[in-house]
Amino acid sequence: MTRRRLDPMGRAALQVAFEAQGPASTGPVVFASRWGEITRSVSLLRELTQGEPLSPTAFSLSVHNASSAVYSIARNDTANFAAISAGPCSSAAGVCEALGLLADGAQRVLVVSVEAPLPAPYEPFETHPLPIRAWAALIESGGNLRLEAAPAQAFPDEPLPSDLAVLRFLTGATPMLHQPGWRWTRHE
């Protein structure tokens, strides 16, 4: 039943979360997405403009934290769940939230990043029109990851969308990452 309730973006988020977390709870979970369930929200807005009644299920799944709530229910997990949206810096903000939870005493935090292309009529605002994509990473206390605010300055253009640039950095492919307002480093 869980799969039927979720749209493809939600299914992608839960797929990577289940694979990364395994059967046991790891503690807090942070879901990060630029727009959340915007496709479902746009569909509901269209139905409203046509005078059609809204589905209570569709409405309840249109909120930004819908995927994290469904994940929590499916796992019967009462850990701390958060849903973060910060535009193109959503993945960075999700990792920042995870680092805050680690500093507050959590041993591990699961970060789930999920993105999908914007639906019409918002397509013109899409900066990197790619298909649905999701990744998850377990971030542990005592790690060597550092994320800090950086002055807003011109950085070289990043060919990847910000969520994939963050993933590339987290997997060790690059020693440093600059994004508008953020500097990522790894300490040995």
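No lab work stands behind these numbers, since they all come straight from the coordinates. From a predicted model like this one, the values you see are computed outputs, not experimental measurements. Note: ideal-geometry Cβ built from the backbone for every residue, glycine included; neighbour counts use all protein chains shown.
With r defined as the distance between the Cβ atoms of Arg5 and Met176 and R0 fixed at 30 Å, what FRET efficiency is calculated, to the nearest 0.05?
On the way: r = 40 Å, r/R0 = 1.34.
FRET efficiency, Arg5 to Met176: 0.15.
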Summing Lys, Arg as +1 and Asp, Glu as -1, what charge do residues with Cβ under 12 Å from the Cβ of Pro119 carry, Pro119 excluded? -2
Packing-based order for 28-38, 128-138, 44-54, 73-83, using average beta carbon neighbours within 10 Å, highest first: 28-38, 128-138, 73-83, 44-54
Send over the semi-axes of the range 2-139's equivalent ellipsoid, whole angstrom and largest first, taken as the square roots of 5 times the C-alpha gyration tensor eigenvalues. 27, 17, 12
Pairs of Cα atoms under 8 Å, at least six residues apart: use those to get the relative contact order of the range 2-139, whole percent. 37
Ratio of the range 69-113's C-alpha Rg to 2.2 N^0.38 Å, to two decimals? 1.20
Could you derive backbone 3J(HN,Hα) for the range 9-14 from the dihedral phi with the Karplus parameters 6.51, -1.76 and 1.60 (θ = phi - 60°), listing whole Hz in sequence and x where the residue is Gly or Pro? 5, x, 5, 5, 4, 5
Virtual paramagnetic centre 7 Å along Cα→Cβ of Ala20, amide N under 20 Å, in the range 105-133: 105-117, 130-133
